[in-house]
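What follows is a set of notes on a single structure, which appears directly below.
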Amino acid sequence: MRVDQRLIAEMIAPRARVLDVGSGDGTLIDYLYRTRSCDARGIEIDMQNVTQSVAHGLPVMHGDADHDLADYPDDTFDYVVLQRTLQAVERPREVLRQMLRIGRHAIVSFPNFGHWRLRLQLLTTGRMPMTPVWNTPWYSTPNIHPCTIRDFLLLCEEEGYVIQQWLAIDEDGARAPWRRSIRLANLFGEQAMFLLKRAGH
Amino acid sequence: MDISASPSIADGPVYTHQTVRLDSGLDLECGVHLAPLEVAYCTYGTLSPARDNAILVCHALTGDQYLAERNPLTGKPGWWSRMVGPGLPIDTDRYFVVCSNVLGGCMGTTGPRSICAETGKAWDSEFPPITMHDIVAAQAKLIDHLGIDRLFAVIGGSMGGMQALTWAADFPDRVFAAMPIATSPFHSAQNIAFNEVSRQAIFADPDWHDGHYRDFGAIPARGLGVARMMAHITYLSEEALSRKFGRRVRHDAATAVPASSSPSLFGEMFEVESYLRHQGSSFVRRFDANSYLTITRAMDYFDLAAEHDGDLANPFRKSQTRFCVVSFSSDWLFPTSQSRLLVRALNRAGANVSFVEIESDRGHDAFLLEEPDFDRTIRGFITGAAEHAALKAGER
């Protein structure tokens, strides 16, 4: 399991109801079920991954974040997880709204476009940056809505989400040391992870 | 057309099927009380002492209870013998598998060929109209008789999937897991249309005799054969037909046109024609026309949402059943879009649902054929569900 998935798992209370949006090969939901007795389900866009997950006995359905969250009733889950996918969905704001409608908490991770290497490349070369995290050229990238950590914070403020926990993580998913300063995290964090809840809850 | 059949099916049951007779009968949705009720079935594997390992497999329109053993009528292997057996995805070393002939069928369960208690004669075309709920209620009587309180799983493809859904809707507490495969929560206008063409073919047969063909020692073999030929096309796909037959023409002695004879419109036969004729003629030897009409009508009536205030989520609210919905990419009879409708409704109900579309070019019939991804899906879903079922049993 990736290090950042382990960090996500640590945020989730035992026996919780969890929906992993973009569950990939099902590693996280399998882990949550086996080690935390969670009722963990997945939505996955890649059919091979779906088949593999179901063949492993995991409750995973073919679908995607943009189209398949609206069906669930309010508060169906304790946690709705979106790993490294927010930048690739059609309507990130709407996806977040749905996540925090159907779930009491949302756990969101995304690659940080504010990282210094991206800023430097754009400044010095005048071209779209390419890094190990942002590694597809502009014309073929699925990442159509990149944002920085600060951008995300502003959106949470506008939408009235309470940030219960945030952390910067490096490319491999390990926790980065920028815990105090958003400014430094936005400069040096390759990815970010947020635990959110609705205001007033 | 040379569709012909041996008249044996018109002579009444020739084979002895394993059957339970329930004198209390069954109240049908149409108001008729059907008694006695006979249900013919096969079982495989052993029921556990806790009676918690039973899987009900529901057959499709023209299937029967001979799931995993030689069919006594056709002499062919059971229709899902590649899926059900020791060590197979539906593992009879571990599960007790039940398959029964549907109500209205012609393989031993009460149907148009049964004797009506009031008249002392066979029902034939007077057999009351039945619904998917009636079909499932009859199965429930069998499951009661077998002493099974809760089914570990109900699995079915096509019309069998309609039954699996109906089980989950009508008996939510008696179904731990449900696997509706290549099916739909309602019968579409297109599918009703196909059924109607099938029925009209039967009605148009001079041997139909208003459904009392057996009184005349006849069967509407041509009509039923054409119905089957037409339906069979809908079970396949354009790709599958092209791959299997293409535009190849048969050149055997029987159909060859002598050089001396005058040109004929039908002097030679495309392989696909020959194949369909074979499908038609072998079908009429094993299936009863009145059963075909009764069951196709039950499919046409099927619309779970309409029965629940127009919202398909309603029958599944608070359902604890684990669902696994499976569709096939080239199935145009029960397309993936209809499975997706079902999945969305199950999500609205907050149900636990897995959903897989299997990539296959073999059309609707893919669920009966060798599809490794499908086998893995069935095995995995059952194994996963069993793990959860055991977990729950441990908590009690």
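Within region B:277-285, the presence of a residue that is part of a loop (DSSP other than H, G, I, E, B), out of contact with any Gly (no Cβ under 9 Å at 6 or more places or on another chain) and buried (at least 21 other Cβ atoms within 10 Å of the Cβ) is excluded. Summed over region A:169-201, the residues that are within 18 Å of A:Asn135 (Cα to Cα), of a type in the set (A, V, I, L, M) and in a loop (DSSP other than H, G, I, E, B) give a count of 0. If you check B:Tyr66, B:Tyr41 for being farther than 22 Å from B:Phe381 by Cβ, of a type in the set (Phe, Trp, Tyr) and not in a loop (DSSP other than H, G, I, E, B), only one passes: B:Tyr41. Against the criterion of being among the small types (Gly, Ala, Ser), in a loop (DSSP other than H, G, I, E, B) and within 13 Å of chain B (Cβ to nearest Cβ), A:Gly42 does not qualify.
The residue of region B:339-358 that is farthest from the other protein chains (Cβ to nearest Cβ), among those that are crowded, with 24+ Cβ neighbours inside 10 Å and part of a strand (DSSP E or B), is B:Ile358. Evaluation of A:Ala65 against the conditions (1) crowded, with 24+ Cβ neighbours inside 10 Å; (2) touching a helix residue (DSSP H, G or I) at 6+ places or on another chain (Cβ under 7 Å); (3) within 9 Å of another protein chain (Cβ to nearest Cβ) shows that the sole unmet condition is (3). Against the list (1) more than 9 Å from every other protein chain (Cβ to nearest Cβ); (2) within 16 Å of A:Asp30 (Cα to Cα), the condition A:Val60 fails is (1).
Before we move on, is A:Ser23 within 27 Å of B:Ile378 (Cβ to Cβ), within 12 Å of another protein chain (Cβ to nearest Cβ) and surrounded by fewer than 19 Cβ atoms within 10 Å (Cβ to Cβ)? Considered against the rule, which asks whether it is within 27 Å of B:Ile378 (Cβ to Cβ), within 12 Å of another protein chain (Cβ to nearest Cβ) and surrounded by fewer than 19 Cβ atoms within 10 Å (Cβ to Cβ), A:Ser23 comes out as no.
For the residues B:Tyr292, B:Tyr301, the requirement of being aromatic (Phe, Trp, Tyr) and touching a Ser or Thr at 6+ places or on another chain (Cβ under 6 Å) singles out B:Tyr301. Of all residues in region B:110-126, those that are free of Cβ contacts under 8 Å to residues at least 40 places away in the same chain have Cβ atoms under 6 Å from Cβ atoms of residues that are surrounded by 15 or more Cβ atoms within 10 Å (Cβ to Cβ), 6 or more apart or on another chain, in B:Ile115/B:Ala122; B:Cys116/B:Trp123. Sub-7 Å Cβ pairs linking a first residue in region B:359-378 that is outside the structural domain of B:Thr234 (by TED's automatic domain parsing) and within 18 Å of B:Ala60 (Cα to Cα) to a second residue that is among the basic types (Lys, Arg) and in a loop (DSSP other than H, G, I, E, B), at least 6 apart or interchain, are B:Leu369/B:Arg362; B:Glu370/B:Arg82, ordered by first then second residue. Take region A:159-180 and flag every residue that is of a type in the set (Gly, Ala, Ser) and touching a residue at least 24 places away in the same chain (Cβ under 8 Å). Correct list: A:Gly160, A:Ala168, A:Gly173, A:Ala174. Scanning region B:139-165 for residues that are in contact with a Phe, Trp or Tyr (Cβ under 8 Å, 6 or more places away or on another chain) and in a helix (DSSP H, G or I) returns B:Gln139, B:Ala140, B:Leu142, B:Gly161, B:Met162.
The values are calculated or read from the model by the stated rules, or taken from the named source; none is laboratory data. Quantities reported herein were computed from a predicted structural model and do not represent experimental measurements. Positions of Cβ are backbone-derived with ideal geometry, glycine not excepted, and every protein chain shown enters the neighbour counts.
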